[in-house]
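Data block below; observations after.
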Amino acid sequence: MDSNESEVKTQMSRKRKRRAQDMTDHSTHPLSDEVNEESEEVTIDDKLTNEELLEEEKESPNDPFSTHFDRELDAKDIEYLKESPKKTIKEHEWQQMKRFIDIHNEKYVCDSIALKQNIRHFSLKNILVENIAKAVITSDPKQSPLELNSFQYELLSIISKYKDLLFTERNAQNGEHIRLIYSMHALNHIMKIRTRILHHNYKISRHVSSDEEYRDQGLTRPKVLILVPFRDSVLRIVKILISLMFGDTKDKSDKKANVLILVPFRDSVLRIVKILISLMFGDTKDKSDKKANVMNGKRFFEEFSPEDDEPKLHKKPEDYESMFAGNIDDSFRIGLSITKKSLKLYADFYSADIIICSPLGLRLIIGSEGDSERDYDFLSSIEMVIMDQTDVFLMQNWEHVLHIMKHLHLTPTQSRDVDFSRVRMWVLEGWTQFYTQLLVFSSITVPMITALFNKHSNNYFGKIVTKNEITSTKAAVSSVYIEVPQMFHRFECSSLAASSNERFEFFVSTVLPKFRDKQMSRTMIFIESYFDFVRIRNYFRKQEINFTQVCEYTAPGKVAKARSMFFNGGRHFMLYTERFHFYRRYQIKGIRHLIFYETPNYPHFYSELINFMHISMQGKKYTGDYSAMSCTLIYSKFDAFQLSAIVGTNKATQMLRSSTPVHMFVTENNNSDH
């Protein structure tokens, strides 16, 4: 064990002994008598019970919460961290998480990552352990048995250590399992903060003699920031939090239904469920003196539940249906205040413990330089940042995410009645970023997400990054089922900054001339970036090239017209953006030649668009075969992540190192030959 770590644990042990002595000396006093009502962290109904005090005193000396946040870094430590110190890298391979690497600073040795498969082996609050079965039902009704599965235990074993995490293998199957774990982790963090502050409040109110400083707060109250793309994501998180806080685990082993209700319409089910929620969690109108467990619940469910379903004319792919289920509005923000008895929704940000928002929703509050009204002080003391479905942010507006991260942990413009004697020293020093845990969940690995994580992962405890190789059977090319020749063209690139210009020059000089012949009619050009789309569109207009266009800003009527003209041969080229395909997932008919101007962020778009070239999508008059069709992809050495997802890690490595700039794949019987 590192000497510094040993010293920290010794100090923590002494603190716990003093706390235990204080509890013994004053055990005759009810702990709920006095609460500091003006404390930034407490409300009038938030009172500490004897049971909760005993629970805190029994905290393990190895509790990652205490080990992480009680350690006092000094100026030399911060300088060491800023200088990008030497890292220790250790590889792990677990059954579900597969391969991941643990990266930490050599100077700060913490407990190694160890797999735990019993919920009681984690440092969780008792109420969370008791309600885990109800939370599992809420998160995924199909999950059986009613306990965490092996993947969830592995994920919890990692994030409970308060290390940063970049997990890039989120999908429709594990998405809800991930949501449950990070929701429980965030709630556990808030509850531990609350218990500690109430304990200190009690000791201060009783004038307990101690040489211990009660530094347990930040400059502002919010401690957890959760960024999600849609309102439906918030709805699912809040339902999990409700089940963890108030869930009833009676008869949790009996999974048989006791009541069967038959109703004729879906609307009848909706009405019944709303009544059950009201009976279980109380009426938020507070008509009586009895307080509701979930405050403002009625308003929340009205604003975040799905809107009336519109009839679906065409069936979409399974991943699309999963992604866009529920309310998909992307402009929202909500504060959650958590006490022992209640969960208050729509809490003012400066009275909230958890803030859940979309990048757009939070950006509207933060504003921009020069705006008359803007606010971001509530982000000054965030200790945990969770970004779920981060890949979707790329399709919304990535600039909003970057803007938000720039405004984390800035010095507040006003004190807002802060008791500085209770503020942690590392907060006062402006070092919160080195204690903050960053959790990023994404379904894809792309440079922008990786760069964001690396830039803002300053946690002195280190970080975990998933590093699984993509085999040829899992690569997107293996999902191509038509025998169209697939050509991969590599262009030489001097730097990442110059890649955009050099790609464009390679395209107009080397690739485009081959497709301007009449025999190459009905060529779709897939473009990942909207800025590149505009650039190519302007070039085509200047060169008077016959083309049509479909992007995320194209009106529905114009989209239909463009598709029709392209299919019937009225336009030689179609410019088509990835963002449009992400949100619409139309089946474009008539594609006979496909150019990927850039590697798609979502690898399955590669195989999906090629499969649109099937003979059945060419019209009755088409008499040719697949040998008359073609697919071309342009890439550089900076597209390694996306290329690996398309052709597999090993083949991508070979292609990037090869002296030959052109490679061809031909799919035969669902096998890709290089």
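Each reported figure results from applying straightforward, stated rules to the coordinates on display, with no laboratory input. It should be emphasised that the depicted structure is a prediction, and the values quoted were computed from it without experimental measurement. For neighbour counting, all protein chains shown are included, and Cβ atoms are generated from backbone atoms with ideal geometry for every residue, glycine included.
Potential lengthening of the chain between residue 558 and residue 419 amounts to 44.1 nm, from the contour at 0.36 nm per residue minus the alpha-carbon distance. Positive contributions from Lys and Arg (+1) and negative ones from Asp and Glu (-1), summed over other residues with Cβ under 14 Å from the Cβ of residue 177, come out at -2. Separation of the range 165-227 and the range 556-581 by C-alpha centroid, Å? Their Cα centres are 50 Å away from one another. Rounded to the nearest 0.05, the FRET efficiency derived from the C-beta distance between residue 212 and residue 107 at R0 = 25 Å is 0.40. With only Lys, Arg, Asp and Glu charged, each at its Cβ (+1 for the first two, -1 for the last two), find how big the charge dipole of the range 333-422 is about the Cα centre; round to the nearest 20 debye. My answer is approximately 340 debye. In plain terms, the chain from residue 63 to residue 86 could stretch by 5.6 nm, reckoned as 0.36 nm per residue minus the Cα-Cα distance.
Of the residues 553, 488, 510, the one whose Cα sits farthest toward the positive end of the charge dipole of the range 476-673, with +1 on the Cβ of Lys and Arg and -1 on the Cβ of Asp and Glu, is 553. Size check on the range 476-673: the Cα extents along the three principal axes, sorted descending, read 44, 40, 32 Å.
Rounded to the nearest 0.05, the FRET efficiency derived from the C-beta distance between residue 117 and residue 539 at R0 = 51 Å is 0.30. For the range 476-673, please report how many Lys pairs fall under 14 Å Cα to Cα, leaving out neighbours fewer than 8 apart on the same chain. Counting lysine pairs in the range 476-673 gives 4.
Taking label positions 7 Å along the Cα-Cβ direction at both residue 410 and residue 74, the computed distance is 3.2 nm, reported to one decimal. Sorted ascending by nearby beta carbons within 10 Å, beginning with the fewest, 588, 237 become 588, 237.
Grab the beta carbon distance between residue 341 and residue 625, set R0 = 51 Å, and tell me the FRET efficiency rounded to 0.05.
Working: r = 71 Å, r/R0 = 1.38.
Between residue 341 and residue 625 the formula returns 0.10.
Extension gain, residue 172 to residue 397, is 78.8 nm, computed as 0.36 nm per intervening residue step minus the present C-alpha separation. Model label points for residue 146 and residue 260, set 7 angstrom from Cα along the Cα-to-Cβ axis, are 2.0 nm apart. Label reach from residue 272 (point 7 Å along Cα→C-beta): in the range 142-167, no amide nitrogen lies under 17 Å.
When the listed pairs 239/341; 86/161; 86/406; 98/125; 90/163 are checked against a 18 Å cut-off, the alpha-carbon distance exceeds it for 86/161; 86/406; 98/125.
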